[in-house]
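The structure under discussion appears below in the form of structure tokens.
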Amino acid sequence: MDSILIQLLIILVKIVGFTFVLTLPLIAYSVYAERRFAAVIQDRVGPNRTGIPLTLFGGKKDLPVQGLLQPLADGLKFILKEDFTPSHVHKFFFWIAPGLTMVPALLTLCVIPFGSELWGEKLVIADIAVGPLFIFAIASLSVYGITFAGWSSNNKYSFFGGVRSCAQMISYEISLGLSIVPVLMIFGQLNLTDIVTWQANHGWLLLPFTFDDGFQCGLSQFGGAIGYFLWFPLMLSFFIFTVSIFAETNRMPFDLPECETELVGGYHTEYSSMKFALFFLGEYAAMIVGSALIVTLFFGGWSLGFGLDALLQDAQGNWLPYAGLVHLAAFLGKVIFFILFFILVRWTVPRFRYDQLMKLGWVVFFELALINVLVAAVIMAAPSMIERGESLALSALALGTIIFSALMFYIAKTFDKKPKANA
Amino acid sequence: MAEVKKLKRPELNTSEKLYLFALAKGAAVTLKHAFKSMTGKARGSEALKSSGLGLTMQYPEQKWDDQLPEHYRGAPALVTDEQDRERCVSCQLCEFICPPKAIKIIPGDIPADDPWAKVEKRPKEFDIDMTRCIYCGMCEEVCPEQAIYLRKDYAITGSSRAELLHDKQKLYEIGGKRIGLVNKWNEIK
């Protein structure tokens with residue numbers, strides 16, 4: 001009885017700790033980072049005034065700590081603003097839509113491993129064996145929130161936004177799912193904690209080097225030198241996955257559901273106050289989960305990489321007491337790096353046209369991801385096939401892959417060629 | 001008949017179609033801007049007296065005051081001449097020309113025992129409503145006595161409307177003394 005209670009308590013502490021203590025402030029501060037980073041890119045200053053209001057307590061001067069309290073002020077503003085529901089909306093869907101975008105984004109956090117172990121507890125809320133699948137399943141629920149918001153607003157531009165996001169997210173989920181198939185083939189499992197542990201031992205997936213006992217490449221596990229070639233499909237996987245995450249989280253080059261120049265504010269035009277804030281936070285939460293997933297799959301999650309994790313283990317291979325904290329810091333550092341990368345891309349790349357976006361998803365990335373799966377599979381199968389003397393079958397496989405790729409390229413190239421107009 | 005020139009859309013080569021190099025180039029440009037503005041070396045930051053972050057001047061701490069041009073049009077104010085005589089003779093031309101009707105003058109006589117009795121008139125009350133003033137400078141232009149000038153004060157703030165109603169005393173306080181006959185169209189003004 002007691003042990004169950006303790007278990008529940010530990011889970012509760014993890015949920016509160018990771019979601020409300022770690023991620024929500026991270027969301028708030030990524031908004032701040034977005035504003036400051038955008039400002040320096042555009043030769044401006046950004047919010048640097050909101051600090052500790054010492055004058056309220058009889059001090060002589062306010063303390064502007066580089067505007068670090070800006071998220072607090074923003075949050076307070078959203079709570080205090082009037083929560084206005086227009087009379088022409090469909091009330092029920094209008095009210096549940098913000099929750100439907102925010103909740104899935106936060107739910108997906110539960111399978112992300114935040115660190116190795118602290119006091120014998122794994123730093124992950126739910127250590128389940130279907131990590132990425134769970135994330136895809138839950139994250140795609142957030143499309144309902146946006147679609148409901150657009151539809152229930154009873155406003156044609158909001159509706160456009162909702163429909164666009166629906167089409168966009170569904171299209172990019174395909175390439176998102178297909179692009180990590182090679183990665184999962186390499187790991188041979190879907191448990192994110194074990195995936196990260198593999199990377200801690202063998203080097204990050206995209207930088208598969210360890211130096212603890214001499215220079216070693218983690219990919220050589222898959223058939224020695226031939227295994228090194230796996231790096232190319234993995235790089236392509238990483239590229240497709242990252243771009244798809246951009247589309248999936250409605251970030252800038254693909255933020256068609258809410259592009260203000262075309263659709264006023266898109267699906268959240270009619271929203272105000274905390275309901276709007278929930279959309280906003282949901283978007284940033286999705287971005288954080290996306291970067292966490294990229295980091296976990298391709299850049300070693302919480303592991304320090306390059307064999308440095310061995311320094312945090314004792315002779316029996318157990319983690320040192322403070323290893324969890326170091327790993328947590330490493331993980332957050334990597335996630336923050338990717339958030340900054342997201343922001344940089346947002347202020348660099350102009351928005352895609354809608355048909356370009358759909359074409360990129362369906363014609364380019366879908367086919368590339370399919371080819372990528374085949375190429376990775378052939379490379380992985382090659383060493384054992386050579387060993388068994390099945391070189392002929394292997395070359396047939398390789399030839400098949402090449403023919404398939406050529407066919408895909410041909411289809412992509414002639415996909416939307418207009419029939420020649422009659423002279 | 002003008003010659004019709006048919007321009008062809010430039011053909012993109014493969015590397016341009018790939019879009020990746022353009023992405024990298026764009027990211028390099030934005031990053032360069034970020035680094036330059038963080039180190040205070042953004043283009044034009046010196047000329048604009050930036051605070052060292054981007055091009056922006058941090059306003060209440062840093063001010064543009066010594067950069068203001070001679071012809072800057074700030075708050076309108078009344079001036080006295082070198083003998084401390086009010087230059088204004090309350091002709092009310094400024095009141096009539098003022099586009100937003102911000103000026104209100106009540107003329108008054110100068111008593112006979114005053115050394116300046118021959119001037120005959122001076123304003124009994126002279127109010128400029130700074131909530132209405134648009135800093136157009138027409139009052140200055142129209143004044144035949146060169147008694148009203150637009151000064152360089154620009155931060156006209158107050159916590160009530162009454163505070164922003166500049167009366168005669170306040171106007172002379174801002175304006176101060178203007179020595180010599182200032183020719184309106186000369187280089188100084």
Of those in the range A:47-93 that are surrounded by 15 or more Cβ atoms within 10 Å (Cβ to Cβ) and modelled with pLDDT under 80, the residue farthest from the other protein chains (Cβ to nearest Cβ) is A:G51
Can you give me the number of residues within the range A:341-375 that are more than 14 Å from chain B (Cβ to nearest Cβ) and either aromatic (F, W, Y) or touching a Lys or Arg at 6+ places or on another chain (Cβ under 7 Å) (or both)? 3
Looking at the range A:21-39, which of its residues are more than 14 Å from chain B (Cβ to nearest Cβ) and touching a helix residue (DSSP H, G or I) at 6+ places or on another chain (Cβ under 9 Å)? A:L22, A:T23, A:L24, A:P25, A:L26, A:I27, A:A28, A:Y29, A:S30, A:V31, A:Y32
Among the residues of the range A:103-135, which ones are part of a strand (DSSP E or B) and in contact with a strand residue (DSSP E or B) (Cβ under 7 Å, 6 or more places away or on another chain)? A:G115, A:S116, A:E117, A:L123
Would the range A:331-339 turn up any residue that is in contact with a strand residue (DSSP E or B) (Cβ under 8 Å, 6 or more places away or on another chain), under 21 Å from A:F209 (Cα atoms) and either more than 14 Å from chain B (Cβ to nearest Cβ) or surrounded by 18 or more Cβ atoms within 10 Å (Cβ to Cβ) (or both)? yes
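Of the residues B:S90, B:S50, B:S37, which single one is over 30 Å from A:Q66 (Cβ atoms) and of a type outside the set (K, R)?
That would be B:S90, the only listed residue that is over 30 Å from A:Q66 (Cβ atoms) and of a type outside the set (K, R).
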Pairs returned, first residue in the range B:139-157 that is assigned to a helix (DSSP H, G or I), second residue that is of a type in the set (G, A, S) and modelled with pLDDT of 85 or more, beta-carbon separation under 9 angstrom, 6 or more apart or interchain, are B:C139/B:A102
Given the conditions (1) assigned to a loop (DSSP other than H, G, I, E, B); (2) over 20 Å from A:I339 (Cα atoms), every one holds for A:L76 apart from (1)
Being surrounded by 15 or more Cβ atoms within 10 Å (Cβ to Cβ), among the basic types (K, R), within 14 Å of chain B (Cβ to nearest Cβ) and in contact with a Pro (Cβ under 8 Å, 6 or more places away or on another chain) is the requirement here; does A:R44 meet it? no
Give the residues of the range A:191-210 that are in a loop (DSSP other than H, G, I, E, B) and in contact with a His (Cβ under 7 Å, 6 or more places away or on another chain), sorted by residue number. A:P208
For the range B:37-60, check the following and say yes or no: at least one residue is free of Cβ contacts under 8 Å to residues at least 40 places away in the same chain, surrounded by 12 or more Cβ atoms within 10 Å (Cβ to Cβ), outside any loop (DSSP other than H, G, I, E, B) and not charged (D, E, K, R). yes
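The values are calculated or read from the model by the stated rules, or taken from the named source; none is laboratory data. Please read these numbers as outputs of a predicted model, since none were measured by experiment. All Cβ positions, glycine included, derive from the backbone under ideal geometry; neighbour counts span all protein chains shown.
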